[in-house]
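Trainee: I have a structure I would like to understand better, so I am pasting it below and will then ask my questions one at a time.
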Ligand SMILES: [Fe+2]
């Protein structure tokens with residue numbers, strides 16, 4: 001029976017836009033994070049409660065996360081060490097995020113993803129340093145999605161090719177990476193959840209309030225970015241992903257969207273540009289940046 005189960009094709013159960021402002025972890029006060037807050041960013045944290053319920057319901061074998069803050073200049077890297085522990089510190093907000101992490105990596109699937117990416121012509125490699133300090137983007141997204149840390153993960157770096165190549169060229173790379181990821185999951189027999197760890201509009205305030213969690217100071221940094229957030233969320237809610245990818249360069253340019261780092265195109269390509277409606281779990285700003293928590297639930 002077990003052999004029969006394992007021979008089944010793996011699948012992507014769902015994909016989430018799961019942004020990583022460390023403020024969300026800071027606002028929650030989990031035991032792993034050193035700084036202590038009075039709360040804050042509740043609307044986004046309540047949105048993540050719905051994601052946590054979805055993950056509980058889906059019971060995936062593995063969580064795959066693409067993070068804009070694990071930056072690798074040469075190619076696409078995958079965490080390749082089975083057990084990683086350490087302290088992850090946000091270099092911009094060390095006052096908010098100093099998090100003691102302890103996570104398990106699905107190295108077999110990471111190796112398979114890497115091999116598929118190489119076969120697709122992408123420069124790719126495994127990260128084998130046992131003392132590697134995992135970036136705050138990966139950690140924040142995973143904490144907000146599954147604070148129990150009891151599901152193995154695959155961590156994928158941001159090659160950030162969009163910052164070095166032309167945007168259309170680099171998006172094409174991220175799409176190839178997405179297809180390679182999907183192929184690796186299918187062959188693995190595993191049930192996977194994808195996490196695109198990025199904000200949308202990404203202009204932010206230059207000065208932090210005296211009390212960072214003072215929500216009377218929180219609002220969109222600019223109107224144009226907010227309008228783009230609403231526009232793309234509506235398109236996602238209507239299943240218009242292919243149409244959205246047509247205007248991806250304009251979206252990135254005009255709202256300075258963090259999707260430029262590649263997480264969103266990676267996930268959409270892996271899910272074959274869903275034409276069904278995404279569910280919006282919540283939207284809010286963090287030091288002025290626009291953050292949506294969204295779910296695409298694949299058909300059972
Ligand atoms: Fe970020």
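Trainee: Being in contact (Cβ under 8 Å) with a residue 12 or more places away in the chain, farther than 14 Å from residue 12 by Cβ and part of a helix (DSSP H, G or I) is the filter here, so list the residues in segment 52-74 that pass it.
Mentor: The answer is 52, and nothing else.
Trainee: Scan segment 245-261 for residues that are assigned to a helix (DSSP H, G or I) and buried (at least 20 other Cβ atoms within 10 Å of the Cβ) and jot them down.
Mentor: If the condition is that a residue be assigned to a helix (DSSP H, G or I) and buried (at least 20 other Cβ atoms within 10 Å of the Cβ), then 248, 251, 252, 255, 258, 259, 260, 261 are the ones that fit.
Trainee: Taking segment 266-300 only, how many residues are away from the ligand (no atom under 16 Å from the Cβ) and either out of contact with any strand residue (DSSP E or B) (no Cβ under 7 Å at 6 or more places or on another chain) or farther than 24 Å from residue 70 by Cβ (or both)?
Mentor: 18
Trainee: Let me ask something else about it. Please determine, by comparing only the residues of segment 187-228 that are outside any loop (DSSP other than H, G, I, E, B) and within 16 Å of the ligand (Cβ to nearest atom), which one is nearest to residue 250 (Cα to Cα).
Mentor: 225
Trainee: With the requirement that a residue be surrounded by fewer than 17 Cβ atoms within 10 Å (Cβ to Cβ) and in a helix (DSSP H, G or I), what does segment 7-51 give you?
Mentor: 42, 43, 46, 49, 50
Trainee: If the requirement is being in contact with a strand residue (DSSP E or B) (Cβ under 9 Å, 6 or more places away or on another chain) and either in a loop (DSSP other than H, G, I, E, B) or away from the ligand (no atom under 16 Å from the Cβ) (or both), which of these qualifies: 182, 242? First the steps, then the outcome.
Mentor: Working: 242 fails: in contact with a strand residue (DSSP E or B) (Cβ under 9 Å, 6 or more places away or on another chain).
Criteria check complete, one pass: 182.
Trainee: What about residue 110, is it assigned to a helix (DSSP H, G or I), closer than 18 Å to residue 194 by Cα and in contact with a helix residue (DSSP H, G or I) (Cβ under 6 Å, 6 or more places away or on another chain)?
Mentor: Values: assigned to a helix (DSSP H, G or I): yes; closer than 18 Å to residue 194 by Cα: yes; in contact with a helix residue (DSSP H, G or I) (Cβ under 6 Å, 6 or more places away or on another chain): no.
Taking the combined requirement at face value, the residue does not satisfy it.
Trainee: Return yes or no: is residue 110 out of contact with any strand residue (DSSP E or B) (no Cβ under 6 Å at 6 or more places or on another chain) and either more than 16 Å from the ligand (Cβ to nearest atom) or at positive phi (or both)? Give the derivation first.
Mentor: On the way: out of contact with any strand residue (DSSP E or B) (no Cβ under 6 Å at 6 or more places or on another chain): no; either more than 16 Å from the ligand (Cβ to nearest atom) or at positive phi (or both): yes.
Criteria not met by residue 110.
Trainee: Tell me, please, whether a residue that is at pLDDT below 95 and touching a helix residue (DSSP H, G or I) at 6+ places or on another chain (Cβ under 7 Å) can be found in segment 262-277.
Mentor: Initial filter on segment 262-277 (at pLDDT below 95): 262.
Filter once more, so that each one left must be touching a helix residue (DSSP H, G or I) at 6+ places or on another chain (Cβ under 7 Å): 262.
Yes, some residue in segment 262-277 is at pLDDT below 95 and touching a helix residue (DSSP H, G or I) at 6+ places or on another chain (Cβ under 7 Å).
Trainee: Also, I was wondering about something else. Considering only residues that are closer than 30 Å to residue 187 by Cβ and within 16 Å of the ligand (Cβ to nearest atom), which ones fall in segment 40-69?
Mentor: First pass over segment 40-69, keeping only residues closer than 30 Å to residue 187 by Cβ: 51-69.
If the condition is that a residue be closer than 30 Å to residue 187 by Cβ and within 16 Å of the ligand (Cβ to nearest atom), then 65, 66, 67, 68, 69 are the ones that fit.
Trainee: Any residue in segment 20-41 that is at positive phi sitting within a Cβ distance under 9 Å of a residue that is within 13 Å of the ligand (Cβ to nearest atom) and part of a helix (DSSP H, G or I)? List the pairs, counting only those 6 or more apart or interchain.
Mentor: 40/23; 40/24; 41/23; 41/24
Trainee: Let me ask something additional. Being within 16 Å of the ligand (Cβ to nearest atom), in a helix (DSSP H, G or I) and buried (at least 22 other Cβ atoms within 10 Å of the Cβ) is true for just one of 144, 174. Which residue is that?
Mentor: Details: 174 fails: within 16 Å of the ligand (Cβ to nearest atom).
Going through 144, 174 in turn, the sole match is 144.
Trainee: Determine, yes or no, whether residue 170 is touching a helix residue (DSSP H, G or I) at 6+ places or on another chain (Cβ under 8 Å) and at pLDDT below 95.
Mentor: Spelling it out, residue 170 is indeed touching a helix residue (DSSP H, G or I) at 6+ places or on another chain (Cβ under 8 Å) and at pLDDT below 95.
The values are calculated or read from the model by the stated rules, or taken from the named source; none is laboratory data. Quick caveat, the model's predicted, so the values are computed rather than measured. Note: ideal-geometry Cβ built from the backbone for every residue, glycine included; neighbour counts use all protein chains shown.
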